[in-house]
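The values are calculated or read from the model by the stated rules, or taken from the named source; none is laboratory data. Given the structure is predicted, the values throughout are model-derived calculations rather than measurements. With ideal geometry, Cβ positions are generated from the backbone for all residues, glycine too; neighbour counts draw on all protein chains shown. Side chains included, ligands, DNA and RNA excluded: accessible areas come from the protein's heavy atoms. Shrake-Rupley method; radii C 1.70, N 1.55, O 1.52, S 1.80 Å.
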Amino acid sequence: MNETSRVLVDTARTCLGTPFYHQGRVAGIGLDCIGLVIHAMKQIGITVSDERDYGREPQGDKLHAALINHGFTKHELESEDDIVAGDVLLFRFNGEPQHVGLAVSSTAMVHSYAPIGRVVETGLGETWLRRVAGVYRLPKLHQE
């Protein structure tokens, strides 16, 4: 893991325990899954637009488009080893992509998860891997 990816991961981990709050953008006060990624990206100097025109179940096509528009490239998940620290993982629920997490390794992620009610670090076990709709990587994170 390069230094930029390490700072990104460390920043996400500093948010552990922050309450889940729909459309939340303040670490320590309240974050939703997108808010966590936006917060971490801003801390490493990556400017991201912050659109809050989504409901409790965001539209997957908007999430995909937003990631691509911010310079991420989509990688197909063939095995767990295809995930690297700093990847944004897009997950399917109810058949639609609507949740994101930030990979901290090939086997774990940090995400703000409404059913748990806070930002948590969880393993990427079989249940989560089955839900992956896309692995998004920011090329500049891996250029050092």
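Measuring from label point to label point, each 7 Å out along Cα→Cβ, what is the residue 3 to residue 107 span in nm?
Here the answer is 2.9 nm between the modelled labels.
What residues have an amide H closer than 5 Å to that of residue 133, excluding those fewer than 5 places away on the same chain, when H is modeled at 1.01 Å from N in the peptide plane?
It is 90, 91, 92, by chain and number.
Between residue 15 and residues 5 or more places away or on another chain, which pairs have amide H atoms under 5 Å apart, with H built 1.01 Å from N, and which residues are they?
Correct list: empty.
Let me make sure I get this right: for the chain, a, b and c are the square roots of the gyration tensor eigenvalues over alpha carbons, sorted descending. Under 1.5 in a/c it's rounded, otherwise prolate if a/b > b/c, else oblate. Which is it? Each step should come with its number before you reach the end.
On the way: a/c = 1.21, a/b = 1.07, b/c = 1.13.
The shape class here is rounded.
Nothing charged except the Cβ atoms of Lys and Arg (+1) and of Asp and Glu (-1): what's the magnitude of the dipole of the chain about its Cα centre? Round to the nearest 20 debye. Could you put the intermediate results ahead of the total?
Details: 14 positive and 18 negative charges, 82 e Å.
With only Lys, Arg, Asp and Glu charged at Cβ, the dipole is about 400 debye.
With the full set of protein chains in place, find how many percent of the accessible area of the chain is carbon and sulfur; take the probe as 1.4 Å. Write out the running numbers ahead of the final one.
Numbers: 3420 of 7120 Å².
Whole-percent figure for carbon plus sulfur exposure: 48.
Over the chain, with the other protein chains present, what is the accessible area per residue in square angstrom, probe 1.4 angstrom?
49 Å²
So which GluC sites (Glu not before Pro) in the stretch 68-141 pass both tests, a DSSP loop state and at most 12 other Cβ atoms within 10 Å of the Cβ?
Filter output for the stretch 68-141: 76, 78.
Explain nothing, just compute: Karplus ³J(HN,Hα) = 6.51 cos²θ - 1.76 cosθ + 1.60, θ = phi - 60°, for every residue of the stretch 75-85 in order, whole Hz, x for Gly and Pro.
Rounded to whole hertz, the list is 10, 6, 8, 9, 7, 4, 5, 6, 9, 10, 3.
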